[in-house]
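A short write-up of the structure that comes next.
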Amino acid sequence: MRRWVLVGFMVVLAGCTEPPQETGFAGLAGVAKNESGVPFLQPGPGERLTFPDDFGPHPQHRIEWWYLTANLETSDGEPLGLQWTQFRQAITPRSANAEPPAADTWPLEAAWMAHAAVSFDTRHYFAEKLARGDVGHAGAQAEPLAVWLDDWQLEAGSWKEPWRLQVAEDGWSYDLTLRVNGDPVAHGDNGFSAKSADGEGSMYFSLVDLQIEGTVTLGDRTLNVTGKGWFDREWSSQFLKSGQQGWDWFALHLDSGDKLMAFRLREQESGFRSGTWIPDDGKPVALQPDQLRLRPANPGNEGFPRQWRLEVPDYGVELEVSAPPGDYLNSGLYPYWESPVTVAGSHSGEGYMELTGYGD
Amino acid sequence: MTLLAALFSHYRRHPLQLLALATMIVLATMLWTGVYHLTSQARASLDQSESAVAERQQVTREDGTRMTVADFVELRRAGLCVMPWLEVSSPEGGRLVGVDPLAAGCFEQPASEEAPWQGELDGRPFVDISEAAELVREQAGQLSLLISDAGSIGGLPAGYRLAPFRVGPDTGELGDSFLLNLDALGVLVLLITALLVRSVYLLGMAQRRDSFALLHRFGVPQSRVNRLLVVEILLLALVCIVPGIWLGRWLATGLGSGFGQALEGLFDQSLYAGQGGNWLVPLATMLAVVLVACLADFLRPLARRLVGGNRRSGGSVLLMLVAGLALSVWVMDLLWLFVAVAMVFVAAGILAPGLIAWLADRRAESDRDLQARWRHRELSVLARRLALPLVALQFAMAMVLAVQALVTTFEGTFDRWLAQRLEADFYIEVPETGDLAPALDWLAAQPELAASGLWHRVIRGRATLPGGEDRTGTNVDVFALGPVGPLVTDWQLFESTPQPWQGLQQGEGVMVNEQLARRHGVRVGQNLTVVLGGQSIEFPVLAVYPDYGRPAGEILVNASMLPPDFTIGFQSLSVSPGNLSIDTVTDELRRIWQVEELTVRDNRAIKELASAIFDQTFLLTRAMTTLTLILAAIALLMMGWVFFSTRAWYFRLLVVWGLSRRQASAQLIRLSVALTGAIALLALPLGIWLTWVLVHRINPIAFGWSLPMAVYPEFWLELGVLSLLIGLCIALLMSRQLKSPTVAPVNANALAGGDR
Amino acid sequence: MVDSLLRARGLNKQFRSGNEPVQVFRDLSLRLDEGDSLALTGRSGSGKSTLLNILCGLEKPDAGLVEVLGETFDSRKPEVPAKNEARWGNLRRQRIGVVFQEANLMPALSLLDNVRFRARLAGQSEEECQDWLERLGIGELADRFPDQVSGGQRQRAALAMVFAMKPALILADEPTGSLDRQTAEAVIGQLFELQARHGCGLILATHDPELAARCGRHLDLGHLSET
């Protein structure tokens, strides 16, 4: 969803401020300037990741997100899917070392949006929050790690220490502890993840092995949960190309211990595919478009495809990915599909799937 | 060739006639859709305005210091749904409210309604809070933190408390009344639309009289032709209604831009009409209107059979007019009042063209000058032949007159209503622990206040009027004040004893609000027994005061007359400090009452804000009626032109007989201007009567209180000028036809051009 | 020598039908003396009505000269159109009576009022108007309106109107074209009788050869030859 949501998000903000940049191809976004002459930066090949700084915000980029999906299990062994995401949308770029504007001017240089969802027993709970940046009730920082919007927050002494994630909504909430295993996985070219054949893209890394435990409260039921999670950080300054209709994204934990991230950006004729194969005992491999096959199992059907075929022949991967029964539409300002999935075929496993742009 | 094709072949030979017919249906649909859309907008705007001034909760600090952005952040991080509300003076005058649409996202709105600070902010008076914050640098602003009802359940962090928040006083039934009137006008527009469609249909029928005669001669039964005509008109309606609806919506929504800018010049303000409304209602309504307008011929014999067979005569129509007028004065029931309005309009519609024709014929008889006689005879023909579009214009003008008066009345009433509710510049709540006596002494002792300022105290509570059928009595509100001074003495009173305010000051009696006077038949001069506290006291009634929109009965008494055991619901001071600074007053009161914080309301700011919030509603209503008038004028213009064309041959005879084209044109101008001028004159009494019904009859019957009625002769003049302009346009269009040498009399008779 | 009432020389007129110019007549000349009658014949569309319109100033020729009742209208001489229009207007008001096939009367005026209207415009007294109606045999219908009388009676009223203005020249365009034969005979008889009695000129456009034969002279626009 990531991009799609932000394209629309921008439109809302446009009501408040200057018109947004071209929402189609934004390859030139890197030179889009505001009045103070600070341009939006556009990631490119060769750019490198920096830790822990890159866990914090990138005010000179137009869009970014902190994105957690988790495949959990209750003490009764029932599966429970969970999502938490916080987006930052810049309206005016600001260089990373510049002072933020004073809070009492109620600035509108950036806006935040947070999504939280729990998928359990065919039901889907979703909530959305919005806030303007630089006022203080929403923000992010690298160290100590903190990402917050109102009373939803992710906190940790540093990214390597245990994280605590708290979300409370009318009638449901969760409070989780996350332990990070392994190093950040840099996607694409050392973190530069291409998003079209022409080379536009974003900076993108993931923590793919999070051990999670905590509680999820639904109504008056509090469930103890454990399981694994996947955390993405991504930032860029450009949106979907004008021809791109939507996005299908998968993050899978295979029972073999291997992990797989794959996405495709749909276009009229074909689309752009990319992914990362993360073997249990080796280095992550960026998958080239021709190494990856991804298609709905029943292409004729209307709406969001619930079953997919995902193949990476080079690694003997032939998967059937399916969403459980239920409706997993995140019906916020910009609806999209976000559901846990189960994996069968050459490997078994579980993971998360996100679909946008199916004309809902 | 099928019969339908044969029928339609008339239009193949006369495509312009078909075009005129189609254009009229499109225009009529456009009118109704546009008005429907604007009415919906005005309704939504009123809802928004009312939701903007509705009472809400705010969070304040217990230590009385002002709220800051840090408080906002703390409350939000504590999980409370609060929203900033930053009120500042606008550099262009008036008040602006800065809000944060992103923070407002958590505010629940009932039934998909948008609050005025959600969605697009249009600056009336809501702006993005960053804009307002910029203004705060130059002038003081006040930050309030509103909290949603749902958000206040969880409990506040320490150091904060809840307090009521309100932008303006409750509009009560004032808004409902406005909407009822708007609905009544909507029905009227529908009637006008039906008249326009019907006139087009009849014109089409007249134009095709020859074709029908021919078909009849070929042996096609009349009923079959009729059936096919219905099919034809339905097809045509369907084809034309859809673009009409589209145009109507375009017109209404275009108010934000192109067309709106033209109107902006007219109103000196910009209009904002968002998207909304649906397609189905205008589509269904217009189809029904077209069907009724065109099937009226089939219904008429049926109706005649029901009524008893007689053709309507002038006498019975006159009777209906008189009966309608009488009913409108006497009935005490909304339904009957609407029946009366319908009767008067139907009668006026039938009588007006006949009256013009009759007067023109009488004039013609006495004319010695044959050109004048010819002109008056022609006028009589025109009045009869163009009866329907003329009546449509008459109704539209009457409606515009009424709406103009109504909207101006509402605006005026609104101002007066605000002035009455916010009688002084400042309003200071007396804390529960506060003793009023030393405060009153101090206020009375201030020389500046006595010289230039005004103040009184207000006590509110409840009283009972004994009696009534169930013997429990009637509860009424008590509004007690003192001293009685210029803050209230300029109120307009409906009825009063010779010196009512003096009487009130001296405690000689009470005043009652209109609602109480109407509902309980309380009259000035009579004695009213009131149970105040434990005592039953008899007061003479000194006056009846207007109390626009308040649904409850109320009595106004001098505060000194309240017995000691009267339960005080609420106490406050109303102060217009004059030369004295309000801060001096509040500082002293704080000292006297030993409190850290006082609730002080700046009534002037509230007034400005409330006015700004409601302006849009009135603006949209005016736009709606202007639109009606413009389209009714265009309709008459078109019909007039089509009909004049059928008489072009005869007008050209004037040239054949030796008049120059200029002289012939002058005759045409006098003719058409006389026609439109006459209809404007006839619209005047109808419009004034309609205003009277809306303001003085419908409102009291529906709500128990009346609006003041005013008339606006300058506006009548404007309408008169407009009607003359329409007449001029018709004449100019016709004069162009005089040039053409190829005008033929051939189908003049077929077109009923030979009528007299 | 008798002065000619009307003289036309070298009249040209063409219409545009789409983009095609259609020649109505070219280099047409004619002359009419006091008391003379001239029949214009020719098939439909041969330009009879156009010629009559030109001879009373309701239409302009593309080229040519018209001298009528002492006024000269020459297409080669540039003149202010309004001035020409006023001269033609004066002629039609006072001296040239025009009768069309139908609809010669204002429908909203009675027969008598129509005649009086016309007479008043011509500067003639209204006194004789009733006489004229009676002379044409419709005196008792004076207060009727045009739609209350027959077509023949309407055309008689039209003749009454024309004679009430005491014209020097009458232009009649198929004046009996919409009447039945018997009525037409009667109306045309009255027209010729009165024309002869008052000595005014008459140009009569008709497609009826018998009627044409009753005129002194005959111009066939179909062949453009005067016989």
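The values are calculated or read from the model by the stated rules, or taken from the named source; none is laboratory data. Keep in mind that what you see is a predicted model, and the values were worked out from it rather than measured. A quick note on method: Cβ atoms are made from the backbone with ideal geometry, for glycine too, and the neighbour counts reach across all protein chains shown.
A few notes on this one:
- Members of region C:101-124 found to be closer than 26 Å to residue C:149 by Cα and more than 7 Å from every other protein chain (Cβ to nearest Cβ), listed by number: C:101, C:104, C:105, C:110, C:111, C:112, C:114, C:115, C:119, C:122, C:124
- Residues (within 30 Å of residue A:267 (Cβ to Cβ), part of a strand (DSSP E or B) and in contact with a Ser or Thr (Cβ under 9 Å, 6 or more places away or on another chain)) located in region A:151-199: A:185, A:186, A:192, A:193, A:194
- When restricted to residues that are among the small types (Gly, Ala, Ser) and either buried (at least 21 other Cβ atoms within 10 Å of the Cβ) or within 20 Å of residue C:119 (Cα to Cα) (or both), region C:50-99 contains 5.
- Answer from B:340, B:352 - the residue that is closer than 16 Å to residue B:392 by Cβ, surrounded by 15 or more Cβ atoms within 10 Å (Cβ to Cβ), small (Gly, Ala, Ser) and in contact (Cβ under 8 Å) with a residue 12 or more places away in the chain: B:352
- For region C:48-63, filtering for residues that are away from chain B (no Cβ under 13 Å) and either more than 16 Å from residue C:9 (Cβ to Cβ) or among the basic types (Lys, Arg) (or both) leaves 1.
- Neighbours by Cβ (under 7 Å, 6+ apart or cross-chain): first from region B:202-229, more than 23 Å from residue B:290 (Cα to Cα); second exposed (fewer than 11 other Cβ atoms within 10 Å of the Cβ): B:216/B:222
- Any pair with Cβ under 6 angstrom, 6 or more apart, that starts in region C:145-163 at a residue that is buried (at least 24 other Cβ atoms within 10 Å of the Cβ) and ends at one that is among the small types (Gly, Ala, Ser) and at pLDDT 90 or above: C:162/C:97
- Top-ranked residue in region B:638-660 [being assigned to a helix (DSSP H, G or I) and modelled with pLDDT of 85 or more; ranked as nearest to residue B:687 (Cα to Cα)]: B:651
One line per residue, one yes/no per condition, for (1) at pLDDT 80 or above; (2) in contact with a Lys or Arg (Cβ under 7 Å, 6 or more places away or on another chain); (3) among the hydroxyl-bearing types (Ser, Thr, Tyr); (4) assigned by TED's automatic domain parsing to the domain that holds residue B:490:
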residue: B:513; (1), (2), (3), (4): yes, yes, no, yes
residue: B:516; (1), (2), (3), (4): yes, no, no, yes
residue: B:527; (1), (2), (3), (4): yes, no, no, yes
residue: B:544; (1), (2), (3), (4): yes, no, no, yes
residue: B:551; (1), (2), (3), (4): no, no, no, yes
residue: B:557; (1), (2), (3), (4): yes, no, no, yes
residue: B:560; (1), (2), (3), (4): yes, no, yes, yes
residue: B:577; (1), (2), (3), (4): yes, no, no, yes
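Here is a yes/no grid of residues against (1) crowded, with 21+ Cβ neighbours inside 10 Å; (2) in a helix (DSSP H, G or I); (3) not assigned by TED's automatic domain parsing to the domain that holds residue B:411:
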residue	(1), (2), (3)
B:636	yes, yes, no
B:709	no, no, no
B:718	no, yes, no
B:722	no, yes, no
B:728	no, yes, no
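- Close pairs from region B:671-696: first among the aromatic types (Phe, Trp, Tyr), partner part of a helix (DSSP H, G or I) and surrounded by fewer than 18 Cβ atoms within 10 Å (Cβ to Cβ), Cβ under 9 Å, at least 6 apart: B:689/B:325
- Residue within region C:27-34 that is within 13 Å of chain B (Cβ to nearest Cβ), among the charged types (D, E, K, R) and surrounded by fewer than 22 Cβ atoms within 10 Å (Cβ to Cβ) present: no
- Being on the phi > 0 side of the Ramachandran plot and in contact with a Lys or Arg (Cβ under 6 Å, 6 or more places away or on another chain) holds for only one residue in C:69, C:65, and it is C:69.
- Whichever residue in region A:106-133 is within 10 Å of chain B (Cβ to nearest Cβ) and outside any strand (DSSP E or B) and, among such residues, is surrounded by the fewest Cβ atoms within 10 Å (Cβ to Cβ): A:109
- Strands (runs of 3 or more DSSP E) wholly inside region B:373-486 containing at least 1 residues that are basic (Lys, Arg) and touching a Phe, Trp or Tyr at 6+ places or on another chain (Cβ under 6 Å): B:454-465
- Number of the condition not met by residue A:101 [criteria: (1) in a loop (DSSP other than H, G, I, E, B); (2) more than 11 Å from chain B (Cβ to nearest Cβ)]: (2)
- For region C:130-141, taking the residues that are surrounded by 19 or more Cβ atoms within 10 Å (Cβ to Cβ) and more than 14 Å from residue C:195 (Cα to Cα), the one that is farthest from the chain's Cα centre (by Cα) is identified as C:141.
- Residues in region A:286-332 that are over 18 Å from residue A:264 (Cβ atoms), surrounded by 15 or more Cβ atoms within 10 Å (Cβ to Cβ) and under 20 Å from the mean Cα position of the chain (by Cα): A:328, A:329, A:330, A:332.
- Residues (under 18 Å from the mean Cα position of the chain (by Cα) and of a type in the set (Gly, Ala, Ser)) located in region C:71-111: C:89, C:97, C:103
- Taking region B:80-93 as the range and being part of a strand (DSSP E or B), more than 8 Å from every other protein chain (Cβ to nearest Cβ) and among the aliphatic types (A, V, I, L, M) as the test, the residues that pass are B:82, B:83, B:88.
- Selection within region B:60-79 - at pLDDT 80 or above and either in a loop (DSSP other than H, G, I, E, B) or away from every other protein chain (no Cβ under 14 Å) (or both): B:60, B:61, B:62, B:63, B:65, B:66, B:67, B:68, B:78, B:79
- Scan region A:287-321 for residues that are assigned to a strand (DSSP E or B) and touching a residue at least 24 places away in the same chain (Cβ under 8 Å) and the total you get is 10.
- In region A:134-182, residue surrounded by the fewest Cβ atoms within 10 Å (Cβ to Cβ) [restricted to those that are of a type in the set (D, E, K, R), within 14 Å of another protein chain (Cβ to nearest Cβ) and more than 19 Å from the chain's Cα centre (by Cα)]: A:170
- Residue within region B:382-402 that is free of Cβ contacts under 8 Å to residues at least 40 places away in the same chain, under 32 Å from the mean Cα position of the chain (by Cα) and over 16 Å from residue B:639 (Cα atoms) present: no
- In region A:343-357, the residues that are among the acidic types (Asp, Glu) reach residues that are surrounded by fewer than 20 Cβ atoms within 10 Å (Cβ to Cβ) with C-beta atoms within less than 6 angstrom, at least six apart or across chains, in these pairs: A:350/A:342.
- So residue C:91, is it of a type outside the set (Asp, Glu) and either out of contact with any helix residue (DSSP H, G or I) (no Cβ under 9 Å at 6 or more places or on another chain) or within 12 Å of chain B (Cβ to nearest Cβ) (or both): yes
- The residues on offer are B:366, B:380, and the sole one that is crowded, with 18+ Cβ neighbours inside 10 Å, hydroxyl-bearing (Ser, Thr, Tyr) and within 14 Å of chain C (Cβ to nearest Cβ) is B:380.
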